[in-house]
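Please read the structure below before turning to the comments.
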Amino acid sequence: MTFNKDEMLIMPAVDIKDGKCVQLVQGDPGTEIVNIENPEKVALKWEEMGAEALHLIDLDGTLNWNVSLDTLKKVVDNVSIPVQIGGGIRKVDYAKKLLDMDVERVIIGTMGIMHPDSLTILSDEYGSDRIMVSLDSKNDKIVVKGWKQSIDSSPQELSQSMKKYGAGSILFTNVDVEGLMGGFNLDPLIKLKDSIDLPIVYSGGISTIADVKKLNKIGVEGIVIGSALYKNKIDLKEALNYQKKIE
């Protein structure tokens, strides 16, 4: 699953918490607006509707430090399309375990930012295409540790360093709007895109087909859609019409 400059890969989000598929507001526990049993069946449904890749997040690993490896493996084994996984990847050995589990790509957040040598170790062994760095932005500053701690660096400043250490792509999440289904501000994304020559996947606030179209025109290589799919604000089959870049 290499990114294609002529396409915008549309990835449904499957977020795992307590063995279920959930969607949280602003990443806060207890704010579940979606709570579905058997996340592997949810993942298969998105594949059957035409999704070409999935975005799988381990919220247990992110929030509680208790990774949900068995549930993640069940999801990966139940679909035939590529899966990228993030959440709770705090050690190089665990990242390797996921990559050896036939996960297409791991999404490294806090570990990559605080210990960038970990990116080099992983990219040297598995290739940079399989290493994505998560840059989560709040008020145009990077936040880490489950969005609890702010770093005095902008996404565009940090992206250059991440590329140097071996990141092959960036997941950019606008925390200010994530989970609110109220749209998003394009300026931080445009600034990031203009500052770095790496594939960028955007996440946060995508709530309408018009949002999908805007992101296509900006030229990002991928987007993650979560709550809007589960609340039927966006129809996946309609969104997939915008997977090819608009001229």
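Nothing in this text is a laboratory measurement; each read-out follows from the coordinates by a stated rule. Quick caveat: nothing in here was measured; it's all calculated off a predicted structure. Positions of Cβ are generated from backbone atoms using ideal geometry, with glycine treated the same way; all protein chains shown enter the neighbour counts.
Dipole magnitude for the chain: about 280 debye, using +1 per Lys or Arg Cβ and -1 per Asp or Glu Cβ, origin at the Cα centre.
Stokes-Einstein D for the chain at 10 °C, 1.306 mPa s, Kirkwood Rh over Cα pairs, in µm²/s?
90 µm²/s
Projected over every direction and averaged, the convex hull enclosing the alpha-carbon atoms of segment 59-138 yields 5.4 nm². In straight-distance terms, cross-link reach from Lys73 covers every one of the lysines whose alpha-carbon lies under 19 Å from its own, apart from those fewer than eight places away in the same chain; here that gives Lys17, Lys20, Lys41, Lys45, Lys91, Lys96, Lys97.
For the pair Ser153 and Asp187 in one chain, pulling the backbone fully straight at 0.36 nm per residue adds 10.6 nm over the alpha carbon distance. Between segment 38-115 and segment 227-242, the alpha-carbon centres lie 21 Å apart. A protection proxy built from the mean count of other Cβ atoms within 10 Å ranks the segments 214-225, 7-18, 115-126, most packed first, as 7-18, 214-225, 115-126. What percent does the relative contact order of the chain come to when contacts are Cα pairs within less than 8 Å and at least six residues apart? Normalised by residue count, the contact order of the chain is 21 percent.
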